[in-house]
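What follows is a short report on a single structure.
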Number of protein chains: 2
Amino acid sequence: MHILIVEDEASIAGFLRKGLEANGFHVQIASDGLMGQKMALDYPYDLIIADVNLPRQNGRDMVEILRRQKVDTPILMLSALGTSNDIITGLDVGADDYLVKPVQFDILMARVRALTRRHTGRLNSEPTLVVGDLVLNQDERTAKRGSRPINLTAKEFQLLEYLMQNQGRVVSRASIAEQVWDMQYTMSSNSIEVYVGILRKKIDQPGSPQLIHTVIGEGYVLRAP
Amino acid sequence: MHILIVEDEASIAGFLRKGLEANGFHVQIASDGLMGQKMALDYPYDLIIADVNLPRQNGRDMVEILRRQKVDTPILMLSALGTSNDIITGLDVGADDYLVKPVQFDILMARVRALTRRHTGRLNSEPTLVVGDLVLNQDERTAKRGSRPINLTAKEFQLLEYLMQNQGRVVSRASIAEQVWDMQYTMSSNSIEVYVGILRKKIDQPGSPQLIHTVIGEGYVLRAP
DNA sequence: TTACCACTATGCATATACTCATCGTTGAAG
DNA sequence: CTTCAACGATGAGTATATGCATAGTGGTAA
């Protein structure tokens, strides 16, 4: 979980970093608005904490520009200003939350948890993936179809995981190659077809409805019946 | 945009409803925690505003139960209690934001906008194209006319996608050839006519109004009836 | 060795893309 | 109202692309 802090006062930035790192977050610091904007565009942080008063470009403008550029990372703004007008404009340019300094660290942590929970709840933190009666437990690295356990090798597991993460969506061979095999897709190999075939034999046994579907010319899709 | 207010004090509930309705939201009110829980499970509200102190079941418990039941609607909590501990437990059971009463309405509105913006951003960005009762989902690569699913091959899908992206506009054979076939248009082939014909057979079945129209000498146009 | 895994090679079956010849429609001129 | 030419639609047939089962190779670890 990566957090970007945009704050020019080194003492505050350090205080936040220390506390956040103690809670298991990775923290990077930008010391002005332009630097913050650049870093936010370069890396998909899970959360951005930004001061309003910043050198070179203030926090509000930075947020507005980031939102215009389709960065949808949650943003928590900090400011010494506590008038309702400040808060409103801060939220309206695209911030998700607003705290007035001096901040109490435990309140900040609670807000950080609330913001990061929503953002990644769907993607990362779920230990199990479910499609129909197929359940994949990412922690235990096990899979089950209904009550029947399924034995998977490492590659098979990765492939199934990727398909389940994209359930309902058609995934191309190219993206499978990138995500599961970590390589460029070349037509010179049919590993993907072979592995899909193996998965089918293990998962879509006759009797239960089929989950893995081929979309000719496009790729594959895992879909609940 | 539908908002559920869970609040037992009629004066506050009425104050909020009036303000929110003036801003274009549809509002429903539940007067205790159990009623709120039931309503939140029954209908996919875009936002829930809940008091902490409620009869029959307090707001914190309600939020916790809703989150357990996978309701992921954004929740904004209100409370007379402003100690950091209250705020923290409120956020940690699954609320997204927390305001201390008495609330200033303009601040509340700003937070409401921030919360609903994020939530619907995800849903609306679903990549679907719609023309009349014809719906094309680009992720799933599926198409439907009304409730009838339509099976399309890759080329057919691309052609329909292009026509739908340009709905209401007449597209020439030349531009279709470029965009769908990736080639210069030469009259030496009638593939386009053939594929339009196939699409017609699949989409414009007798009984429903026709969507694909020929503009002689110009090209084709997809238009809602 | 034996067992297992990741990956490759081959050939078949079939869905799909495209071509061609023919037929239908349209609209303006006679 | 006909006739005719230009334009578009369509059905049948062919070629190609695509996916898949199966068998096989090489590497690794117990």
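The values are calculated or read from the model by the stated rules, or taken from the named source; none is laboratory data. Remember, it's a predicted structure, so these values are computed and weren't measured experimentally. Ideal geometry is used to build each Cβ from the backbone, glycine not excepted, and the neighbour counts take in all protein chains shown. Just the protein is used for accessible areas: all its heavy atoms, side chains included, with ligands, DNA and RNA removed. Shrake-Rupley method; radii C 1.70, N 1.55, O 1.52, S 1.80 Å.
Data for the structure
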quantity: Residue in the range A:190-199 that is at positive phi and either more than 16 Å from DNA strand D (Cβ to nearest atom) or among the hydrophobic types (A, V, I, L, M, F, W, C) (or both) present; calculated: no
quantity: Qualifying residues in the range B:165-189 (those that are closer than 25 Å to B:Lys144 by Cα and free of Cβ contacts under 8 Å to residues at least 24 places away in the same chain) - the one farthest from DNA strand D (Cβ to nearest atom); calculated: B:Gln179
quantity: Qualifying residue in the range B:207-216 (condition: more than 14 Å from chain A (Cβ to nearest Cβ), within 16 Å of DNA strand D (Cβ to nearest atom) and modelled with pLDDT under 90); calculated: yes
quantity: Per-region count, the range B:92-114, residues over 16 Å from B:Gly24 (Cβ atoms), more than 7 Å from chain A (Cβ to nearest Cβ) and open to solvent by 10 Å² or more (accessible area, probe 1.4 Å); calculated: 6
quantity: Checklist (1) under 23 Å from the mean Cα position of the chain (by Cα); (2) assigned to a strand (DSSP E or B) applied to A:Thr214, failing item; calculated: (1)
quantity: Pick from the range A:200-225, criterion farther than 24 Å from B:Thr153 by Cβ and within 13 Å of DNA strand C (Cβ to nearest atom), ranking: least open to solvent (accessible area, probe 1.4 Å); calculated: A:Lys202
quantity: Meets criteria (under 26 Å from A:Gly219 (Cα atoms) and within 14 Å of another protein chain (Cβ to nearest Cβ)) for B:Gln158; calculated: yes
